[in-house]
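**Q** Submitted below is the structure of interest, expressed as structure tokens.
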Amino acid sequence: MTNRRPVECWLTDMDGVLVHEEHALPGAPEFLAKLQASGRRFMVLTNNSIYTRRDLRARLLASGIDLPEEAIWTSALATAQYLQDQRAGGSAYVLGESGLTTALHEVGYIMSQRDPDYVVLGETRTYSFETITRAIRLIDNGARFIATNPDATGPSAEGSLPATGAIAALITKATGVDPYYIGKPNPLMMRSALNQIDAHSETTVMIGDRMDTDIRSGLEAGMRSILVLSGSTRAEQVGRYPYVPTWVKDGIHDVVPMIDELAPVTGRGQDAAS
């Protein structure tokens, strides 16, 4: 790794890295505080499209993590940006919560059940037979099918819940149409997050707890990656994948000293360090 450029920016997943069931994981507040104190650019990512940035900031603050709204990037925001780039001022039939509908409204999209440009599927706890049936019929009639993320299940205190990917599979089975997923592991979400902080993949590290989404998307976006073992992926599972993270750490507390270790050398100028 001696020939790699210093790390100037950081991307990190939220659940399983910084928090677990709304409780801060050891080292998470210190990690974010150190990034802010050092002036490093960073972004916290989540595939969850339920909540707005303001909602997520409030939830993190309740767990002891103080994070500005603008440092949060969700699959809903990435989806809205993608649709704006593809078809500005379009219309969508949305299956989702305020995080998704707010993001779409903010880029000028209209919510419509009548001949929409897109059916957009996000995370929600209120899926109904009626809304799923309407989505199927709209796709049959030519609406393009977009989903915020492919996660088949999500966590809860009682156990796993069906998530966006599971509902997408149901709609695909009925229509024969696969959705285009915007969130991880699509590197498009990584690219959009990098653009938000004016970062370059060669000088940015992605931290995550899932090999199949976080580490894969970081790799495909050209970043170095850190797998933390505080979430979904266990140490014995890492070797089963055809790709590997750059580093494996027990948790985010082990990443805190890496902020200084991987930083550009000071005193001689950043260009000399690179």
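**Q** Does ASP198 satisfy the criteria of being assigned by the TED database to the domain that holds GLU236, among the acidic types (Asp, Glu) and either open to solvent by less than 60 Å² (accessible area, probe 1.4 Å) or modelled with pLDDT under 95 (or both)? Let's see the steps before the verdict.
**A** On the way: assigned by the TED database to the domain that holds GLU236: yes; among the acidic types (Asp, Glu): yes; either open to solvent by less than 60 Å² (accessible area, probe 1.4 Å) or modelled with pLDDT under 95 (or both): no.
Answer is no for this residue.
**Q** Going by the structure shown, is GLY27 more than 22 Å from MET190 (Cα to Cα) and in contact with a His (Cβ under 6 Å, 6 or more places away or on another chain)?
**A** Numbers: more than 22 Å from MET190 (Cα to Cα): yes; in contact with a His (Cβ under 6 Å, 6 or more places away or on another chain): yes.
So GLY27 passes the test.
**Q** While we're looking at this one, here's another question. So which residues in region 222-237 are within 19 Å of ASP151 (Cα to Cα), touching a Leu at 6+ places or on another chain (Cβ under 7 Å) and not β-branched (Val, Ile, Thr), if there are any at all?
**A** Within region 222-237, SER230 is the sole residue that qualifies.
**Q** Where residues in region 218-274 are loosely packed, with under 11 Cβ neighbours inside 10 Å and of a type in the set (A, V, I, L, M, F, W, C), which of them is modelled with the highest pLDDT?
**A** Within region 218-274, the match that is modelled with the highest pLDDT is ALA235.
**Q** If I ask for residues that are over 16 Å from TYR127 (Cβ atoms) and buried (at least 19 other Cβ atoms within 10 Å of the Cβ), which ones from region 151-186 would you list?
**A** Within region 151-186, TYR181, ILE182, GLY183, LYS184, PRO185, ASN186 qualify.
**Q** Hey, can you tell me all the residues within region 49-67 that are part of a loop (DSSP other than H, G, I, E, B), in contact with an Asp or Glu (Cβ under 6 Å, 6 or more places away or on another chain) and farther than 12 Å from LEU18 by Cα? Please lay out each step first, then the result.
**A** To start, the set of residues in region 49-67 that are part of a loop (DSSP other than H, G, I, E, B) comprises 49-52, 63-67.
Checking the rest, the ones that are also in contact with an Asp or Glu (Cβ under 6 Å, 6 or more places away or on another chain) come to 49-50, 63.
Matches in region 49-67: SER49, ILE50.
**Q** If ALA92 meets every condition in (1) under 30 Å from ASP117 (Cβ atoms); (2) open to solvent by 30 Å² or more (accessible area, probe 1.4 Å); (3) more than 13 Å from the chain's Cα centre (by Cα) apart from one, which number is that one?
**A** Of the numbered conditions (1) under 30 Å from ASP117 (Cβ atoms); (2) open to solvent by 30 Å² or more (accessible area, probe 1.4 Å); (3) more than 13 Å from the chain's Cα centre (by Cα), the odd one out for ALA92 is (2).
**Q** Just give me the residues in region 26-40 being farther than 15 Å from VAL205 by Cα and open to solvent by 30 Å² or more (accessible area, probe 1.4 Å), in sequence order.
**A** Within region 26-40, PRO26, PRO29, GLU30, ALA33, LYS34, GLN36, ALA37, SER38, GLY39 meet the criteria.
**Q** Name every residue in region 1-25 that is more than 12 Å from ILE65 (Cβ to Cβ) and in a loop (DSSP other than H, G, I, E, B), in order of residue number.
**A** Correct list: MET1, THR2, ASN3, ARG4, ARG5, PRO6, VAL7, GLU8, GLY16, GLU21.
The values are calculated or read from the model by the stated rules, or taken from the named source; none is laboratory data. It should be emphasised that the depicted structure is a prediction, and the values quoted were computed from it without experimental measurement. FYI the Cβ positions are ideal-geometry reconstructions off the backbone, even for glycines, and counts take in every protein chain you see. When the accessible area is computed, the model is the full protein with side chains, heavy atoms only, and any ligands, DNA or RNA have been set aside. Shrake-Rupley method; radii C 1.70, N 1.55, O 1.52, S 1.80 Å.
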